[in-house]
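Student: Here it is: the structure, laid out below.
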Amino acid sequence: MTLERIQSALALFVGAFVFYTAATGPFEGLIQRALFLALVSALGFALYPLGAGKPWRPVGLSIDLVLTLVTVAACGYVVWHYDEIMTSLPWASALDIGLTVGLVIAVLELGRRTVGIIFPLLVTVALSYALFGNHLSGPLRHRGFDVYFVTETIFLGDLGIWGLLTGVAATVIAAFVLFGALLLHSGGGQAFMDLAMRLGGRQPGGAAKIATIASGLFGMVSGSAVANVATTGNFTIPMMIRLGYPRPFAAAVEAVASTGGQIAPPIMGAAAFVMAEILNIPYLTIIVAAVMPALLFYMSVFMTVHFVALRRNLAVVPDEDLPAWNTIVAPRRVLPIVAALGGLGIGIYLGRSIATSAFYGISGLLFAFVATQWGRLSAREMLAKVVSGLEDAGKGMVIIGVLLAGAQILVSMINMTGVGVTLSSLIVTLAGDSVFLVALIVGLVCLVMGMGLPTTAAYVLVAAVLAPAMTGVGVDPLSAHLFVFYFATISVITPPVCVAVFVGAGIAKTNWLPAAGEAVRLGAVTYIVPFLFVLYPGMTMQGGASAVLSAAIAGGALVVAVPALLAGASPLGRRWADAGLFAAVIGLSIWPHPATPFLAVGLLVASLVASRMRSGALA
């Protein structure tokens, strides 16, 4: 059997396992998590072989086989001894230590192969700190933990590698990865792209707006900014370049728009599911809280693209390149998406678990897909699309499973040593109990800590270490977690380690540095919006109608003023006057007083009137 067939078979098995457990309910906690980790690890070593194409590949194959066997053995040990682990809290033996070391090495090695060296290094530092932190001096010193206690924490209980994050990956997130893959393979991907082209193509900066819409739609399903850039960017970036858009700008638009998909309801990135579990609140609550910030994000990107397009006279997309509306709204395109989202919504409305709701969505999707394609595609062709979706879902779960298992090790070490509380206390001490200063320090540290990490891993890290600093000065827990979530998200477009920009620049065949500068400008509002969570409770739909209205007005003024300032819009005709006007609007928007949002909007309206009068006088 060739490696490709092994990969396909394992991916199908992983997808089938997730589909089955979503339909019938998961196994007992540790059993579900151990089986899931064993499956995705075996698939991961097949998908990312060590030394592929190198003369020493036989050595790499031996290492892969050993790591796979150790992982399966460790996971099988936990399944076999489930009752003992959950009821008697066993002491660690030499065998337990050996299995733990092998499993941790396997998880970290898979993490290195899938997302790079930074994340495994962070986990290694956390483990080293747990074992040797008692030799440090100062506030970071702890009482010390031996290898037996660390093994018991990581392996022989539900607080270490088998903890909450691995559980979310093995149930909720896996079900939604499957949901998204099947949705895209059943025609949803082309439907999203066609809709984006029709809505944005004939506007100023049409190709960039197509990228914004399409990447947002794809991002809501994929949950990965980098994967989204690689997918939609291969279509949107060449289209922008072909129409004369600067290459750095094309790369930046795709990177920023793809990033926004992770913060856009109703299907946000995997980190949102983790947030729901950490805060122990319904996922629907997070969706509602994220609506306004997501709208502000995409409005700001649209406004920036619009201003830049007018200034640079960027081309629209020719009519002949746009799909017809009757093709876009054809039942075979629309009904599977409607049925998928409808099934998901019904499950949530009925109070089913999120994983079961995802199964309802998958069932509706498959039924509508078969019904609308019957007679157009053969049964074999329809089955091939479903199988392809299952395979892609299985492969997509590797990164999620490995990342969250590694992140769970990291979080367990942070909690065990108490370093998160220590760092939070240091931040509060440094900021002097000022909510704004705490938020500013946390935001900057989030950007640094999130660089080079996938969003989910970055969020888990900053939530464990930094969110307590914000709640410690009175910030609402949901607002605090959304704050660090947003900064963890935008770290992928923030230099110097802006991985989404790197991918976009590679597709555009341009230097990443100017592309990163364009990305920061396009996403500038996203660096400010999280502070509105702290300043305006209504930003997360809390505090009543008046609070929500004030937050919406303040946010709306921001998404006009910031792009206008950065794009060089000139309503008054004088550079410094225009800059002062927009700076005043921004300042009023972020000043938490009942009157300031209305004053900000008043200034914008006055500037628009002045611009119209000036245009009339010039005419």
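FYI, it's all coordinate maths here, none of it is from the lab. Computed from a predicted structure; not experimentally measured. Cβ sites come from the backbone with ideal geometry, for glycine too, and all protein chains shown count toward neighbours.
Student: Based on the mean of other Cβ atoms within 10 Å per residue, sort peptides 39-45, 522-528 so the most packed one is first.
Tutor: So the peptides 39-45, 522-528, ranked by packing, come out 39-45, 522-528.
Student: Would you please state which residues of the range 178-195 a label at Arg242 would reach in this model, taking the label point 7 Å out along Cα→Cβ and a backbone N cut-off of under 20 Å?
Tutor: Answer for this model: 189-195.
Student: Over all directions, how big on average is the projection of the convex hull of the alpha-carbon atoms in the chain, in square nanometres?
Tutor: Average projection, Cα convex hull of the chain: 30.7 nm².
Student: Under a Cβ-only charge scheme (Lys and Arg +1, Asp and Glu -1), can you give me the dipole magnitude of the chain about the Cα centre, in debye to the nearest 20? Please list the in-between numbers first.
Tutor: Numbers: 28 positive and 23 negative charges, 382 e Å.
It comes to approximately 1840 debye.
Student: Treating only the Cβ of Lys, Arg, Asp and Glu as charged (+1, +1, -1, -1), what charge dipole size does the range 1-155 show about its Cα centre? Round to the nearest 20 debye. Walk me through the numbers before you get to the answer.
Tutor: Values: 8 positive and 9 negative charges, 117 e Å.
The calculated dipole for the range 1-155 is roughly 560 debye.
Student: Wrap a convex hull around the Cα atoms of the range 104-249, take a quarter of its surface area, and give that in square nanometres. Mind dumping the intermediate values first?
Tutor: Working: hull surface 51.9 nm².
Reported value for the Cα convex hull: 13.0 nm².
Student: Same structure, new question: Pairs of alpha-carbon atoms within less than 8 angstrom and 6+ residues apart define the contacts here; what relative contact order does the range 538-619 have, in percent?
Tutor: Working: 81 pairs, mean separation 24.0, N = 82.
It rounds to 29 percent for the range 538-619.
Student: Given the DSSP H assignment, sum -39500 (n - 2.57) over each helix run of at least 4 residues in the chain and divide by its residue total; what's the result at 222 nm in deg cm²/dmol, nearest 500?
Tutor: Numbers: 30 runs with 468 residues, N = 619.
My calculation for the chain gives -25000 deg cm²/dmol from helical runs alone.
Student: Measure nothing fancy, just the Cα-based angle from helix 419-431's long axis to the longest principal axis of the chain, in degrees from 0 to 90, nearest 10.
Tutor: Helix 419-431 sits at roughly 30 degrees to that axis.
Student: So if each residue of separation counts as 0.36 nm, and I subtract the Cα-Cα distance between Ser425 and Arg5, what length gain in nm does that give? Intermediate values should be presented prior to the final figure.
Tutor: Values: separation 420, 0.36 × 420 = 151.20 nm, distance 5.26 nm.
Between Ser425 and Arg5, full extension yields 145.9 nm more.
Student: Oh, and also: Tell me the chymotrypsin sites (Phe, Trp or Tyr not before Pro) within the range 72-120 that lie in a loop according to DSSP and have at most 15 other beta-carbon atoms within 10 Å. Please report the intermediate quantities before stating the final value.
Tutor: Numbers: sites: Tyr77, Trp80, Tyr82, Trp91; in loops: Trp91.
Answer by residue number: Trp91.
Student: Any chance you could check the Cα centroid distance between the range 495-536 and the range 441-493 for me, in angstrom?
Tutor: 17
Student: Given a Förster distance of 30 angstrom, what is the FRET efficiency for Ala610 paired with Leu440, based on the Cβ-Cβ distance and rounded to 0.05?
Tutor: Working: r = 34 Å, r/R0 = 1.12.
My answer for the efficiency is 0.35.
Student: Taking Cα centroids, how far is the range 332-390 from the range 231-285 in Å?
Tutor: Using only Cα atoms, the two centres lie 23 Å from each other.
Student: Put +1 on the Cβ of every Lys and Arg and -1 on every Asp and Glu Cβ in the chain; which of Gly206, Leu466, Val226 then has its Cα farthest towards the positive end of the dipole?
Tutor: Selected residue: Gly206.
Student: At a Cα cut-off below 29 Å, give the lysines reachable from Lys209, other chains included and same-chain residues fewer than 8 away excluded.
Tutor: Reachable lysines: Lys509.
Student: What percent do you get for the relative contact order of the range 119-234 when only Cα pairs under 8 Å and 6+ apart count? It would help to have the intermediate numbers written out before the result.
Tutor: On the way: 73 pairs, mean separation 14.2, N = 116.
So the answer I get is 12 percent.
Student: Would you order Glu277, Glu28, Glu109 from fewest to most other beta-carbon atoms within 10 Å of each residue's own beta-carbon? Before the final figure, lay out the partial values.
Tutor: Working: Glu277 16, Glu28 12, Glu109 20.
The most exposed by this proxy come first: Glu28, Glu277, Glu109.
Student: Within a 10 angstrom radius of the beta carbon, how do His135, His185 rank from fewest other beta carbons to most? Provide the component values of the computation, followed by the final result.
Tutor: Working: His135 8, His185 20.
So the ranking, lowest neighbour count to highest, is His135, His185.
Student: Would you please report the Å³ per residue occupied by the convex hull of the alpha carbon atoms in the range 538-619?
Tutor: Details: hull volume 6.8 nm³, N = 82.
Per residue, the Cα convex hull of the range 538-619 comes to 83 Å³.
Student: Another question about this same structure. Between Ile281 and Leu549, what FRET efficiency comes out of the Förster formula 1/(1 + (r/R0)^6) with R0 = 30 Å and r the beta carbon distance, rounded to 0.05? Could the numbers behind the result be given before it?
Tutor: Numbers: r = 24 Å, r/R0 = 0.80.
Computed FRET efficiency for Leu549 and Ile281 comes out at 0.80.
Student: Another question, if that's okay. List the lysines whose alpha-carbon lies under 21 Å from that of Lys385, not counting same-chain residues fewer than 8 positions away?
Tutor: Once the sequence-local lysines are set aside, what remains near Lys385 is Lys395.
Student: Here is a further query. Convex hull over the alpha-carbon atoms of the range 240-325: what's its volume per residue in Å³?
Tutor: On the way: hull volume 10.7 nm³, N = 86.
In the range 240-325, the Cα hull volume divided by residue count equals 124 Å³.
Student: What is the chain's relative contact order, in percent, from Cα pairs under 8 angstrom and six or more apart in sequence? Please list the in-between numbers first.
Tutor: Numbers: 1015 pairs, mean separation 103.7, N = 619.
Taking the mean separation of contacting Cα pairs over the length of the chain, I get 17 percent.
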